[in-house]
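*Asks:* This is the structure, below, for whatever I ask next.
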Amino acid sequence: MEEIKNELTEIFKRVFRKENIELKDELNANDIDTWTSMTNIVLLNEIEKKYELEFHFLEVMDLNNVGELIKLIDNKLNRNS
Amino acid sequence: MMNRPSFYNIFQLFLESCKKHAKKLAIHINEKDSSYEEFLLQVCSINKSIKSVDSKSDFIGIYCEDSVKTYSSIWAILSTGKGYFPINKKWPTDRLIEVIENSGIDLIVYEKGNEKLMELKNHFENKINFISTQSYDSSTTEIAIPVIDVNSYAYLLYTSGTSGTPKGVAINHGNLSNLISAHLLNKEYDLNSNDRILQMFELTFDFSVLPTLFSFCSGAQLFVVPENKMTYLQVLKTLSIHKITKAYLVPSVIHQLGTYYHQIHLPELKWSFFCGEALLNTDAENWKKCTPKGMIINSYGPTEATVYVTEFFVHNHESTQHKGIVALGRSINNMGTMLLNEKGEEITETDIEGELYLFGPQVANGYWKNEERTKECFRKIRTENYTGTAYKTGDICIKDKNDILFFVRRSDQQIKLNGYRIELNEIEFHALQNHQVKRAIALLIPIMESSQIVLAIESEKENIEKEILQYLQLKLPPYMLPQMIKVFKSLPLNENGKVDNHELISSFKK
């Protein structure tokens, strides 16, 4: 999980164009001004590319924060291996 | 084409529907259900509170909150014969004060309120009454149908204005009646009590009129999409969980759902009705595959002409696009469209570009208490086919041989972003209020598969981006704020000495 968090930090910095982002489990779209519905699409696409996985819309529509996003990625990676 | 339109008292249609469908679900919002009976009780209770205050204004304000009371307040206001004026809590206080002052209202209803409402209360102390809808009097469902005519007001909405001041559009019951006959009572749309209807819009966006007013009049069930930054995902969730049968959508929502097209299957959806911005042909085709039994309808119209004035039923066999954008279609019942050239002459040949003018019973009388802007946009025209007032849209269009309209481009700096109408000049106007700013240019540019507003500033002073953004946040609603601001010592110029937009755009993409 820590590894995913570090990798995600790099993706977040790139997608949201912020130099300093510290990923905490509680972090959500309301905390980052550039995290909009449009950049959310880019974020999810970048994650799918990085981990070679595909999200279903039912999985991502109820994500409330970064902690839940990390858990989802971790679950999907473990299911695939 | 120009028959005298029928007149409808929308509150009467609402009341008949409430009585006929008393036990049925009227609205689902915030995980809570209200039946028509319960909803009508709320309307009656709020009607009583409003009547206890002797309001003299044409409109009554509603401080919009994410709750059923906001919706019952709309009907309670209409029940008094006055128009409703939605107030958006996401707008900055300065902008709200400006539009409230312009509206001339003397009463605002709210439910719980928040800090921003307190600021408004303090600012308008002694001038405007504020009444809360929280206390509840369920003693009566007796309510009279208001006496109204074509000139009585139905609602007041504000749109972005080029000179920094939003423009008010007051729609009366004459305007609304035509939309009722063209949409609510139109068999093609067949709105009925078996329908589950999607409501995804802020009430300050005029497209919201279709689901919020018409769903209740047809005995249907209205499902309000929860407020959330990820609107597109919430829309998809509501569509699938509540098995929506008829959906009003802005094209950017289905565009944003692009990655999930192959996963989406919505067999219950009978039609998707689009409005607010250009519908891409590829999105329409892909959406069709997600909704196998669903029709796709594109529509077009400015707030000034009561939601929409042209419609197009997308069929696969017709050539229906111009440069990848789905046709706007033909004008609806009683409404007229006309293309004029730069000399003000009507263009009758096909496929020739001209500015679109609209006329007919849905066109408003002008901007609310704003003669100057009214003169600019509501023009007296005289051509072979029509003499009278017409609304100048600023949209450059063409008509084909079947009289179908196609959008080509804007004639000015207005853009559409996620359905919102935005004057880029308005952003520039506010940026220029900072004395360090010599020039300001707002642009809509494609960044990372989406479109964003950016702002280029010419200034001697470095690092004033934050200062400018903070000022803009005080003046503009969130959807109008630039996603990036860049300061230049001098803006890049092309060989003609004009600002080089291409150079500017590429500097933002770096």
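*Asks:* Kindly provide the helix-only [θ] at 222 nm of the protein assembly as shown, computed as the sum of -39,500 (n - 2.57) over DSSP H runs of four or more divided by all residues, to the nearest 500 deg cm²/dmol?
*Replies:* After summing the helix terms and dividing by residue count, I get -9500 deg cm²/dmol.
*Asks:* Just check the protein assembly as shown against the gyration tensor rule for me: Cα atoms, a ≥ b ≥ c as the square roots of the eigenvalues, rounded for a/c under 1.5, and otherwise prolate or oblate depending on whether a/b exceeds b/c.
*Replies:* Rounded is the answer for the protein assembly as shown, as its axis ratio a/c remains below 1.5.
*Asks:* Remind me, what semi-axes does segment B:85-162 give for its equivalent ellipsoid, largest first in whole Å, using sqrt of 5 times each Cα gyration tensor eigenvalue?
*Replies:* 25, 20, 11
*Asks:* Okay, moving on. How big a patch of accessible area, both sides summed and in Å² to the nearest 100, lies buried between B and A at a 1.4 Å probe?
*Replies:* 2200
*Asks:* Please compute P(r) over all alpha-carbon pairs of segment B:348-442, binned at 10 Å starting from zero, and give each bin as a whole-number percent.
*Replies:* It works out to 13, 33, 34, 15, 5, 0, in whole percents.
*Asks:* Output the residues of segment B:254-295 meeting this criterion: accessible area (heavy atoms, 1.4 Å probe) in the chain alone minus accessible area with all protein chains in place is 30 Å² or greater.
*Replies:* Output list: B:Gln256, B:Thr259, B:Tyr260, B:Gln263.
*Asks:* Now, a different point. Which FRET efficiency value, to the nearest 0.05, is calculated for B:Ser138 and B:Asn365 with the Förster distance at 45 angstrom and r the Cβ-Cβ distance?
*Replies:* 0.70
*Asks:* Quick check: from the Cα gyration tensor, does segment B:1-153 come out rounded (a/c under 1.5), prolate or oblate?
*Replies:* In terms of gyration-tensor shape, oblate.
*Asks:* Once you have a ≥ b ≥ c as the square roots of the Cα gyration tensor eigenvalues for chain B, tell me rounded if a/c is under 1.5, and otherwise prolate or oblate according to whether a/b is larger than b/c.
*Replies:* Rounded.
*Asks:* Mind scanning B:Lys461/B:Lys486; B:Lys51/B:Lys112; B:Lys246/B:Lys392; A:Lys49/A:Lys71; B:Lys56/B:Lys116; B:Lys32/B:Lys237 and naming the pairs with a C-alpha gap bigger than 23 Å?
*Replies:* B:Lys246/B:Lys392; B:Lys56/B:Lys116
*Asks:* Where Lys and Arg each count +1 and Asp and Glu each count -1, what net charge lies around B:Val250 among other residues with Cβ under 14 Å from its Cβ?
*Replies:* -2
*Asks:* What does the accessible area of B:His262 come to, in Å² to the nearest 10, when a probe of 1.4 Å is used?
*Replies:* Its accessible surface works out to 130 Å², give or take rounding.
*Asks:* OK, next. Could you provide, to the nearest whole Å², the per residue accessible area of chain B with probe 1.4 Å?
*Replies:* Accessible surface, normalised per residue, equals 43 Å².
*Asks:* Still on this structure: Considering the alpha-carbon set of segment B:297-371 alone, what are its Rg and its Dmax in angstrom?
*Replies:* 14.1, 47
*Asks:* Quick one: Karplus J couplings for segment B:5-10, per residue in order, coefficients 6.51, -1.76, 1.60, θ = phi - 60°, nearest Hz, x for Gly and Pro?
*Replies:* So the J values, rounded to whole Hz, are x, 6, 9, 10, 8, 4.
*Asks:* Equivalent-ellipsoid semi-axes (√(5λ), Cα gyration tensor) for segment B:221-357, whole Å, largest first?
*Replies:* With the √(5λ) rule applied to segment B:221-357, the semi-axes are 31, 16, 13 Å.
*Asks:* Here's something else I'd like to know. Computing the accessible area with a 1.4 Å probe over protein heavy atoms, can you report the carbon and sulfur percentage for chain B?
*Replies:* Here carbon and sulfur together make up 47 percent of the probe-accessible area.
*Asks:* Pull up all non-local amide H partners of B:Asn129: gap of 5 or more, or a different chain, and H-to-H distance under 5 Å with H placed in the peptide plane.
*Replies:* Counting only residues 5 or more places away or on other chains, the set is B:Leu107, B:Ile108.
*Asks:* Given segment B:56-114, report the % of alpha carbon pairs whose separation exceeds 14 Å.
*Replies:* 52
*Asks:* Quote the relative contact order of chain B in percent (integer), defining contacts as alpha-carbon pairs under 8 Å separated by 6+ residues.
*Replies:* 12
*Asks:* Right, another one. Under a Cβ-only charge scheme (Lys and Arg +1, Asp and Glu -1), can you give me the dipole magnitude of the protein assembly as shown about the Cα centre, in debye to the nearest 20?
*Replies:* Around 760 debye, computed over the protein assembly as shown.
*Asks:* A further question on this structure: To the nearest 10 Å², what's B:Val224's accessible area with a 1.4 Å probe?
*Replies:* The accessible area of B:Val224 comes to roughly 10 Å².
*Asks:* Quick one: putting +1 on the C-beta of Lys and Arg, -1 on the C-beta of Asp and Glu, what dipole do you get for segment B:110-208 around its Cα centre, in Debye to the nearest 20?
*Replies:* 240
*Asks:* Round to a whole angstrom and tell me the spacing of the C-alpha centers of segment B:1-59 and segment B:287-365.
*Replies:* Here the two parts' Cα centres lie 31 Å apart.
The values are calculated or read from the model by the stated rules, or taken from the named source; none is laboratory data. Here the structure is a predicted model, which means the values were calculated and not measured. Glycine also receives a Cβ, built like all others from the backbone with ideal geometry; neighbour counts cover every protein chain displayed. Heads up: the accessible areas ignore ligands, DNA and RNA and are worked out on the full protein's heavy atoms, side chains in. Shrake-Rupley method; radii C 1.70, N 1.55, O 1.52, S 1.80 Å.
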